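Each value in this text was obtained by applying a stated rule to the coordinates, not by laboratory testing. All values reported here derive from a predicted model rather than from experimental measurement. We place every Cβ from the backbone using ideal geometry, glycine too, and count neighbours over all the protein chains shown.
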Amino acid sequence: MLTIKDLTASYGAITALNGVCLEVAEGELVALLGSNGAGKSTTLKSICGVLRPVQGSVTFLGEEIANKAPEAVLKKGISMVPEGREIFGSLTVEENLRLGAFTSYQRDRYKADLEEMFSLFPILGERFTQPGGLLSGGEQQMLAIARALMSHPKLLMLDEPSLGLSPTMTDSIFELITTLRERGTTILLVEQNAERALEIVDRAYLLTTGSIEFSGTPEELRQRVDIASAYLGGGNGTCEVRL
Amino acid sequence: MIDLEFIINTISLGSLYALLSLGLVFVYGILKLVNFAYGEYVMVGGYALYVIGTFTGMPWYMTMVFAVLAAAFVSYMTELVAFRPVRTKSLTAMLVTSFAVSVFLQNVVLITISSRSRAVRFPAFFSRTLEFAGATVPLRNILIIGITIVLLTVLTIVMKRTVLGMAMRAAADRFTTTRLMGVPANLVISAAFIISGTLAGVVSIFWVGRSASVDPLIGMAPLLIAFIATVIGGMHSLVGAVIGGFVYGLLFNLLSIMLPASLISYRDAFMFVIVILFLLFRPEGIWRGGYTEERVG
């Protein structure tokens, strides 16, 4: 479904991605793991058109989408839940969701979609007319995911959905990702919380300083790579952070 | 003194200034660009009034409609031709571009029409005065209040009830994320420029109506007023712009009646003192607003 070849991206003089190759098949739940600054978010940004890659190709459903504008990529069927949730704080929950359906709006389907979001995220129904900025962190994350789902994406990309959330909230977000995946949504997940991510994904890629260091199933990854060291850039493996 | 006449004239002046600053903030909110060519949209409206009113037999109301359309169209064209190509560059590039657009538009009328001011014809009722409850008020002052109420209502409905309005508010908040929703960047930016130009066009009718003449430099004062009003009211929300316009109008009229005759010619200097005080003690303006400073990239 999504094929990335030799993707190189940079912020000015700093190269953030150096020849990344990655693939996501239809119906898969794939994680992109790595430490801070490894290039996870940069990869997602290059896919969704926020960042123009220096070179390399991004093919989605047989079509080249590298260098396309974000609005064009969304139309192709890739929806992004950006890092830090990026809720429109001054807009109500309703308006946030309505914008999520900007390109795909059909009155009847929209109403049905809203009902579906309320069943997935009951809190959004309760807060429907409140400004998004008044929601708690976890609620905002749910709104961000619901907003992304409103466009009926073929591929959903989540950038650090558990970041800054309480353990309970993290649980429900991971539960939700599993549910979405069971319903057939193809998902590319970027996570800091590697252990949690490996519990639910089909395959994972490990990024270190801009290149894919390893890819495979969660079992293979656990056997072959010391996840703690990959995250911390050291080899002592004694740190309990994030594991 | 502060009587009914003062109140009506202040609301009227405030209305005009509110529309002016609103037009400036519409573009600023989304592009984070202080468009220094904004005053020239008022000028374009003024010259449209002059050209259509003098050289065609069009009825006055059609002339006014076309003047507003001309300002909106020129605003849109400046976005298309001048601002769009430099949008992803630095903010400085955009600022310099806006100066260039301003100088360019001024010189177009200088070359094609004249450097001297031209008389603009207005219908007789425009300068008529109304008398009621002991107050004498020019009819056009009542007219601008009515038009402002209508425009603010329409804009509120557009911004709150339409998807384009939501997208524009979202874009002012988080531009890139708005694009991730599938909202085309060009759509919201063009819409902002068209609304901005429309407001400038409406203002041009009343601005030119005061002196019934137009000259190539007529856009300077409206730009300055819009800028000061947004500093007072707050650059980060449409509400702030409207408040700023009315507060500016009030302060200006208060200074006019309170300053002794010997100081009245320094009225603008006092106005700037107030602006400096705002910049020192409340730089975000009266109305804080929720917009962030994210640049369009």
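Seen against the Cα atoms of chain A and their longest principal axis, helix A:137-149 is set at about 80 degrees.
Annotation: amide H-H contacts under 5 Å for residue A:92 (H modelled 1.01 Å from N, sequence separation of 5 or more, or interchain): A:132. May I have the count of lysine pairs in the stretch A:1-111 with C-alpha atoms under 23 Å apart, counting pairs 8 or more residues apart or located on different chains? Eligible lysine pairs with Cα atoms under 23 Å apart amount to 14. Counting Cβ atoms of other protein chains within 10 Å of each Cβ in A:79-89 and taking the mean gives 4.
Each of A:32, B:95 has some number of other Cβ atoms within 10 Å of its Cβ, and from fewest to most they run B:95, A:32.
Between residue A:186 and A:27, A:156, the built amide H atoms are under 5 Å apart, and every one of these is 5 or more places off in sequence or on another chain. Hey, if you drop one equal point scatterer on each alpha-carbon of the stretch B:96-249 and run the Debye formula without solvent, what base-10 log of I(q)/I(0) do you get at q = 0.14 Å⁻¹? Ignoring solvent entirely, the Cα scatterers give -0.92. The distance linking the stretch A:12-89 with the stretch B:87-137 is 46 Å (Cα centroid to Cα centroid, whole angstrom). 3J(HN,Hα) couplings calculated from phi for the stretch B:18-29 with the Karplus curve 6.51 cos²θ - 1.76 cosθ + 1.60 (θ = phi - 60°) are, in sequence order, 5, 4, 4, 5, 4, x, 5, 6, 4, 6, 4, x Hz; Gly and Pro show x.
Of the residues A:225, A:73, A:155, the one whose Cα sits farthest towards the positive end of the charge dipole of the protein assembly as shown is A:73 (charges of +1 on Lys and Arg Cβ, -1 on Asp and Glu Cβ, taken about the Cα centre). By other beta-carbon atoms within 10 Å, ranking B:76, B:17 with the fewest at the front produces B:76, B:17.
Scalar couplings 3J(HN,Hα) for the stretch B:181-188, obtained by applying the Karplus form with A = 6.51, B = -1.76, C = 1.60 to θ = phi - 60°, are 7, x, 7, x, 4, 4, 5, 5 Hz; x denotes Gly and Pro.
Inter-chain Cβ neighbour count for A:153-164, averaged per residue, equals 0 (cutoff 10 Å, partner chain atoms only). In this structure, the amide hydrogen of residue A:80, modeled 1.01 Å from its nitrogen in the peptide plane, lies closer than 5 angstrom to those of A:157, counting only residues at least 5 positions away or on a different chain. Other residues lying with their Cβ under 12 Å from the Cβ of residue B:109 contribute a combined charge of 0, Lys and Arg counting +1, Asp and Glu -1. Residue order for A:142, B:58, fewest other beta carbons within 10 angstrom first, comes to B:58, A:142. Counting every pair of alpha carbons in the stretch B:6-149, the share spaced more than 18 Å apart comes to 65 percent.
In order along the stretch B:48-63, phi translates into HN-Hα couplings of 5, 4, 5, 5, 5, x, 8, 9, 10, x, 5, x, 4, 5, 5, 4 Hz, rounded to whole numbers, per the Karplus curve 6.51 cos²θ - 1.76 cosθ + 1.60 with θ = phi - 60° and x for Gly and Pro.
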